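Chemist: One structure coming up, written as structure tokens, with questions to follow.
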Amino acid sequence: MNILSPTTILSSAGNTRGLYTLVGATLMAASIIPSGIERAAQIPAHKSQLTFGHKKPAFTADTFQLTKVDQGSGNAELIEALYSVYDILAKRQTDLDIETRGILHSRLWDLYE
Amino acid sequence: MEGVLFEDIRVFLPRYLNPEHQDKLLEAVRQFPNIKQFYLLNKYEDELLQGDGWRGFVAINFHNGDRKKVSGLVLSNSCDIDVKNPRDGDPNIIFAPLIRVSRFKQILIEAGKSEAAATDKIDTIRRQCITSIFYLPELPHVLEESMAILDDLHQHPLSDFHASEKAKLFTLDQFAFYLFLLKLSIHFTRFNEALPRYSEQPTAVT
């Protein structure tokens, strides 16, 4: 599955599966950007493991060799949990209202410390 | 169908996590927006990583050239600012200065906002619902409840930063780091808005 193709992303807004796919794409983006720093144990110096550019990396399930957890009855709960993160962080994002933004930005230098 | 969706999502969880850490991440995802552990303690204390908080950055005021030593949140990706990676030239560390939430609330009230209105704004920030703000809960004895403004970014040359007096404030825990990256992704890319960039409708392919 080529999850990062523009077609996949652009078509993701119109259906439930697409939204879940979008969650996956976001998580994938998050997981590849730091090039694999695992934040629960010491690891060797991190170096880029992926080739960015015009050639798309060929990610597949086999590439990741994931351990399956929460199969069966736990799936719905997990999907719901993952979706809620996307739901809050993307769908519910709002900008600061103009007045508050004006107050904040007019005092930014004073707020640095 | 549900199983397929599950596998779709599982594919995008990081492979570098072992099963135990994957379970911890999934547990943290389930508990969102309640996060038990936001900061990683006693790990990576000397490493400069994306999402770190450090004291010792220098912010420069664009309008008058003033300089100020500040605390900041690192936006640069870890590899680009790792001194172990050979490179030509001296990269910059991109950072967002940290602002104490209590000081922000104070200026809102000074500007005429009611206590209730100011509290309401702060609560929205705490829920990570403001696109341009990443909220950082208190880290006792280290960091007061703070926030970073994602459209107020500065840069500090890596070599100068390493040569300067500095101190690490915190490293984000795995799920907090995920949240940070998700917010960066949403703030800077907005790929979920699905804006087609064609001058005209594409011709149907037969």
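Chemist: So for chain B, averaging the separation of alpha carbon pairs under 8 Å that are six or more residues apart and normalising by length, what relative contact order in percent results?
Modeler: It comes to 26 percent, rounded to a whole number.
Chemist: What are the equivalent ellipsoid semi-axes of the range B:96-206, built from the alpha-carbon gyration tensor (square roots of five times its eigenvalues), in whole angstrom, biggest first?
Modeler: The equivalent ellipsoid of the range B:96-206 has semi-axes of 33, 23, 14 Å.
Chemist: What is the spin-label model distance, in nm, from A:Asp110 to B:Ile60 if the labels are put 7 Å beyond Cα along the C-beta direction?
Modeler: Result: 2.5 nm between the two label points.
Chemist: Taking the Cα centre of chain B as the origin, how large is its charge dipole in debye, to the nearest 20, when only Lys and Arg (+1) and Asp and Glu (-1) carry charge on their Cβ atoms? Walk me through the intermediate numbers first.
Modeler: Values: 24 positive and 29 negative charges, 72 e Å.
It comes to approximately 340 debye.
Chemist: Quick one: of B:Lys24/B:Lys183; B:Lys68/B:Lys121; B:Lys43/B:Lys121; A:Lys91/B:Lys43; B:Lys69/B:Lys121, which pairs are farther than 25 Å apart, Cα to Cα?
Modeler: Beyond 25 Å: B:Lys68/B:Lys121; B:Lys43/B:Lys121; A:Lys91/B:Lys43; B:Lys69/B:Lys121.
Chemist: Another question about this same structure. Taking neighbour counts of Cβ atoms within 10 Å as a proxy for exposure, in what order, fewest first, do B:Cys79, B:Cys129 appear? Before the final figure, lay out each step's value.
Modeler: Values: B:Cys79 21, B:Cys129 17.
Neighbour counts put them in this order, fewest first: B:Cys129, B:Cys79.
Chemist: Which value, in Å³ per residue, describes the convex hull spanned by the Cα atoms of chain B? Walk me through the numbers before you get to the answer.
Modeler: Details: hull volume 50.2 nm³, N = 206.
Expressed per residue, the convex hull around the Cα atoms of chain B is 244 Å³.
Chemist: Over the range B:67-180, what is the mean sequence separation of C-alpha contacts under 8 Å (at least six apart), divided by residue count, expressed as relative contact order in percent?
Modeler: Reported relative contact order: 29 percent.
Chemist: A further question follows. Taking other Cβ within 10 Å of each residue's Cβ, how do B:Lys36, B:Lys105, B:Lys43 sort, fewest first?
Modeler: Working: B:Lys36 9, B:Lys105 18, B:Lys43 14.
Ordered by Cβ neighbours within 10 Å, fewest first: B:Lys36, B:Lys43, B:Lys105.
Chemist: Turning to a different aspect of this structure: Amide H to amide H under 5 Å from B:Phe57: which residues, 5+ apart in sequence or cross-chain, H placed 1.01 Å off N in plane?
Modeler: It is B:Val70, B:Gly72, by chain and number.
Chemist: Cut-off is 10 Å between beta-carbons; in what order do B:Ile60, B:Ile93 appear when sorted fewest neighbours first?
Modeler: B:Ile60, B:Ile93
Just so you know, all these numbers are worked out from the coordinates, no wet-lab data involved. From a predicted model like this one, the values you see are computed outputs, not experimental measurements. Cβ: placed from backbone, ideal geometry, glycine included. Neighbour counts: every protein chain shown.
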